[in-house]
Amino acid sequence: MRVERIRPVLVAVALLGLTMTACGDQTEAGQRARRNPYAAVEDLPEALAPDGTTIVVGDLRRMPVHVYEDMRCPVCREVEVTGAGGSLLEMTLGKEVRTEYTLSSGLDGRLGGTGSKKAVNALRAALEQGRFAEYRAVLLRNQPQENGDGYTDALLLEAASRVDGLRGPAFDSAVAEMRYADFAEKSQKAYEAAGAPVLPAVDINGRRLPETQSDVLLVKDFLPVLVDGYR
């Protein structure tokens with residue numbers, strides 16, 4: 001898995017974008033108020049798209065931001081914890097965009113083990129309980145070492161205990177039995193059919209963010225500027 005650091009020029013661009021965004025804060029605040037934003041992540045609607053692999057979070061009427069990620073990918077964790085993940089959640093809560101996810105398990109093949117598949121299976125089980133978004137954040141923030149097959153049943157269940165209302169017989173048995181193994185396989189095929197982009201990758205309003213620009217995802221507050229450019 002390649003990890004690229006943020007180039008200084010992109011930091012400068014991001015800062016310029018933040019300045020531009022600040023000038024429009026009052027207008028954007030008014031728009032958010034009219035949209036009646038969701039109060040918290042647990043209030044976000046979640047659904048499985050008709051394609052059977054895309055997980056959709058947020059208001060279906062909003063512009064899509066489609067994320068491709070693997071739970072074992074350390075850059076995916078970095079984006080979630082200190083990068084664009086925070087802004088994406090804020091925009092989803094504010095009904096500015098909806099977030100879509102395609103979950104890859106390709107790192108299992110590269111690194112060995114079944115941790116990614118187990119994580120995808122558990123995330124699909126969490127979707128059945130309406131707790132996908134919360135559980136996904138917990139898994140990434142408590143990501144095991146990339147080279148270890150750390151997403152064990154025990155870790156997945158312990159992480160689920162941190163999400164209110166997730167643990168129970170249905171979820172626990174789905175994790176233990178790999179109930180959604182077929183979903184994990186189909187999700188990986190969907191990722192490959194999308195061109196198997198370098199992870200993490202993002203499609204904004206149906207257009208792929210070029211790989212050469214993907215390091216902007218490591219800048220937390222640049223995403224709103226980027227999304228505006230793709231409208």
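Out of everything in the stretch 59-86 that is assigned to a loop (DSSP other than H, G, I, E, B) and in contact with a Ser or Thr (Cβ under 7 Å, 6 or more places away or on another chain), what residue ends up being nearest to Thr102 (Cα to Cα)?
If we take residues in the stretch 59-86 being assigned to a loop (DSSP other than H, G, I, E, B) and in contact with a Ser or Thr (Cβ under 7 Å, 6 or more places away or on another chain), then Met71 is nearest to Thr102 (Cα to Cα).
Here are Val216, Val225: which of them is in a helix (DSSP H, G or I), crowded, with 20+ Cβ neighbours inside 10 Å and not acidic (Asp, Glu)?
Matching residue, one of Val216, Val225: Val216.
Restricted to the stretch 95-107, and to residues that are under 12 Å from the mean Cα position of the chain (by Cα) and not hydroxyl-bearing (Ser, Thr, Tyr), which residue is most open to solvent (accessible area, probe 1.4 Å)? Lay out the reasoning, then the answer.
First, the residues of the stretch 95-107 that are under 12 Å from the mean Cα position of the chain (by Cα): 98-104.
Retained after the next criterion (residues that are not hydroxyl-bearing (Ser, Thr, Tyr)): 98, 100, 103.
On the way: Arg98: 44, Glu100: 27, Leu103: 3 Å².
Filtering first and then ranking leaves Arg98.
Residues being open to solvent by less than 50 Å² (accessible area, probe 1.4 Å) and of a type in the set (Val, Ile, Thr): count how many of those fall in the stretch 115-152.
2
Give the residues of the stretch 180-204 that are part of a helix (DSSP H, G or I), in contact with a helix residue (DSSP H, G or I) (Cβ under 9 Å, 6 or more places away or on another chain) and surrounded by fewer than 18 Cβ atoms within 10 Å (Cβ to Cβ), sorted by residue number.
Listed by number, the residues that qualify are Ala181, Glu185, Glu192.
Taking Thr92 as meeting all but one of (1) in a loop (DSSP other than H, G, I, E, B); (2) farther than 20 Å from Ala170 by Cα; (3) open to solvent by less than 10 Å² (accessible area, probe 1.4 Å), write down the number of the exception.
(1)
The values are calculated or read from the model by the stated rules, or taken from the named source; none is laboratory data. On a predicted model such as this, the values are computed, not experimentally measured, just so you know. Note that we place each Cβ from the backbone using ideal geometry, even for glycine, and neighbour counts take in every protein chain shown. The accessibility values were calculated without ligands, DNA or RNA, using every heavy atom of the protein model including side chains. Shrake-Rupley method; radii C 1.70, N 1.55, O 1.52, S 1.80 Å.
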